[in-house]
1. Just tell me, in residue order, which DSSP H segments of the chain are both 20 angstrom or longer along the helix axis (alpha-carbon based) and at least -1.0 in mean Kyte-Doolittle hydropathy.
2. Out of Phe209, Ile264, Leu144, whose Cα points farthest toward the positive end of the dipole of the chain (charges: +1 Lys, Arg; -1 Asp, Glu; placed on Cβ)?
3. In debye, nearest 20, what is the charge dipole magnitude of segment 122-238 about its Cα centre with +1 on Lys and Arg Cβ and -1 on Asp and Glu Cβ, if you could check?
4. How charged is the neighbourhood of Ala259? Take every other residue with its Cβ under 11 Å from the Cβ of Ala259, and add Lys/Arg as +1 and Asp/Glu as -1.
5. Among the DSSP beta bridges whose two residues both lie in segment 6-62, what percent are antiparallel, rounded to the nearest 5?
6. Charges on Cβ only, +1 for Lys and Arg, -1 for Asp and Glu, centred on the Cα centroid of the chain; of Trp366, Pro289, Ala328, which one is farthest towards the dipole's positive end?
7. What is the fewest-to-most order of Arg47, Arg368 by other Cβ atoms lying within 10 Å of their Cβ?
8. Mind checking which lysines have their C-alpha under 23 Å from Lys359, skipping anything on the same chain fewer than 8 residues away?
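The numbers here are math on the coordinates, done by the rules we state, and not lab data. As the structure is a computational prediction, the values presented were derived from the model and not from experiment. All Cβ positions, glycine included, derive from the backbone under ideal geometry; neighbour counts span all protein chains shown.
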Amino acid sequence: MTDQHASAPLLVYGTDCSYYTGKLETYLRAKGIAYRLVPFGEENMRRAARHTGVVQIPQVECPDGSWLVDTTLIIAHFERTRREPSFTPVDPATAFVSRLVEDYADEWLWRPAMHYRWSFPTTAALMSAWLAEHVRDRRVPEWLKRLYWRRRQHGTFVAGDGVAPATRIAIESAYLDTLATLEAVFAIRPFVLGERPTAADFGFMGPLFRHFFSDPAPARIMRERAPAVHEWVARMWNLRPERIAGMPMPERIPDDLGALLATIGEVYLPYLDANAAAFAKGDTRVSYPVRGTTITEPVKPYRVWCRDRLRTELVGLDADARSTVERALGASATARLAAPSPRPIENLVAELPLTTPPKAKPVDSWWRR
Ligand SMILES: N[C@@H](CCC(=O)N[C@@H](CS)C(=O)NCC(=O)O)C(=O)O
């Protein structure tokens, strides 16, 4: 970026009720990076997809004309290019766990977040009205815009993503267990790994801010069961570089994250394996056991990439850091993640910032064409 561009705000195409836009905004505010939130619409989504190859929000247009996409990559990009304030632990094992937790919050808590938004009628009615504001260009009645969003979101991300009477309890328990785990953590320290936020906190802001904290049905549960989590959401949203300067970086993996790391090792990593195996076979759907039930959902090429990225980070650790991770996560979960995916996936997003539009047809947020 040239000097002339350095202080102009980034344009963030998204919406103030979006999971990943909320995650990214929290990070940009904490990092002190100026941005302007531009409500997404059909026109700007088409333009963004031409530059990034992906149809999703958020998408970022930089003042110099380059583009950024994928909140995990965007955070990694700014952690690399702007050192202060840093949110990346210096200790490699702690940094790895912060990324693992970020990925779990990004991907595994997505389904309960969509379920709590779209399965409860009053919450669904409210949120479909918010989303209807983003269909300005079409001359259709308001009720039809709402109906469109309700059907689309419930059809794709709830009923179409494995939420059914038999799986509902298991899916809701992912939210309730998260509240219980984090409530205990925030009773003794302000952030997930210590005294300063890391990728783990920004990751949890995806589900916990715009969905669980803000949507009426899950927000009621949070207020009743987990006031310290409620307070953490506000603390995260109020982060500014000057408030972070005095916060010491976490130097080790706390030993009270056992329940969270056990869920990652026993539920999330086996799911990532099942998804990667189904992708390798060319299947479009995958079934796997979770807490006494079986979830069936579309195969998600994007999550093969998530797995491959985490694996690369894990196998890149030196022996000391690797055994520290093994002690925290368990030897078998660590070995599971260290195994290569049967068919690694082609990387669809080049190194950020993106300066040349991709040639291939755009993919959706799960990297399906
Ligand atoms: N991995 C992406 C995920 C982005 C994403 O899935 N965003 C959601 C909205 S919060 C979306 O655009 N979903 C696609 C859709 O609704 O079609 C990121 O981290 O930015």
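1. 92-107, 168-186, 301-315
2. The residue sitting most towards the positive pole is Leu144.
3. 540
4. Values: positive: none; negative: Asp177, Asp256, Glu266.
Once positives and negatives cancel, what remains is -3.
5. Working: 3 of 8 bridges.
So the antiparallel bridges amount to about 40 percent of the total.
6. Trp366
7. Arg368, Arg47
8. Lys300
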